[in-house]
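Novice: Got a structure for you, written out below as structure tokens; questions coming shortly.
The values are calculated or read from the model by the stated rules, or taken from the named source; none is laboratory data. Every value quoted in this text rests on a predicted model; they were computed, and no experiment measured them. Glycine also receives a Cβ, built like all others from the backbone with ideal geometry; neighbour counts cover every protein chain displayed.
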Amino acid sequence: MTSRLLSTVPKFKPLKLLRKWLDSIEINNPKFARFLCKLIPSQCPFERDITFFGHVLFHIPPMCKLNPLYNELINLRFRALCYLADVCGELI
């Protein structure tokens, strides 16, 4: 009985609204598009190789995939780049 009751209760997803908001942002201003391209890095800034005298001691993997909004942010940056290239004719 309780398992049936729990399955009917909607699951709380706190990031769902933020994901929808990021996906719904429209880019229609070149200044805003350039700002987004500068703000959101093209690759993970945390990935590093720790070297000592030319030998790699260990590798720090990219932690961006741990970010729950990673795909939405990369998508937003891509849309900004496409806007600058297609609409504004800028070479990026």
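Novice: Sort out which residues of segment 22-67 are among the small types (Gly, Ala, Ser) and either under 30 Å from Leu91 (Cβ atoms) or touching a strand residue (DSSP E or B) at 6+ places or on another chain (Cβ under 7 Å) (or both), and write them in order of number.
Specialist: Residues satisfying the conditions are Ser24, Ala33, Ser42.
Novice: Between Pro68, Pro41, Pro62, which is at pLDDT below 85 and in a loop (DSSP other than H, G, I, E, B)?
Specialist: Every option except Pro62 fails the conditions.
Novice: Here's something else I'd like to know. Under the condition of being hydrophobic (A, V, I, L, M, F, W, C) and outside any loop (DSSP other than H, G, I, E, B), which residue from segment 10-26 is nearest to Asn71 (Cα to Cα)? Please lay out each step first, then the result.
Specialist: Looking only at segment 10-26, we keep the residues that are hydrophobic (A, V, I, L, M, F, W, C), and these are 12, 15, 17-18, 21-22, 25.
Add one more test, that the residue is outside any loop (DSSP other than H, G, I, E, B), and what stays is 17-18, 21-22.
Details: Leu17: 15, Leu18: 12, Trp21: 13, Leu22: 10 Å.
Across segment 10-26, the extreme among qualifying residues is Leu22.
Novice: Of all residues in segment 63-92, which are more than 13 Å from the chain's Cα centre (by Cα) and on the phi < 0 side of the Ramachandran plot?
Specialist: Selection gives Leu81, Cys82, Tyr83, Leu84, Ala85, Asp86, Val87, Cys88, Glu90, Leu91, Ile92.
Novice: Cβ-Cβ below 7 Å, separation at least six or inter-chain, first residue in segment 10-27 and more than 13 Å from Asn75 (Cβ to Cβ) and touching a residue at least 12 places away in the same chain (Cβ under 8 Å), second surrounded by 10 or more Cβ atoms within 10 Å (Cβ to Cβ) and of a type in the set (S, T, N, Q): which pairs?
Specialist: none
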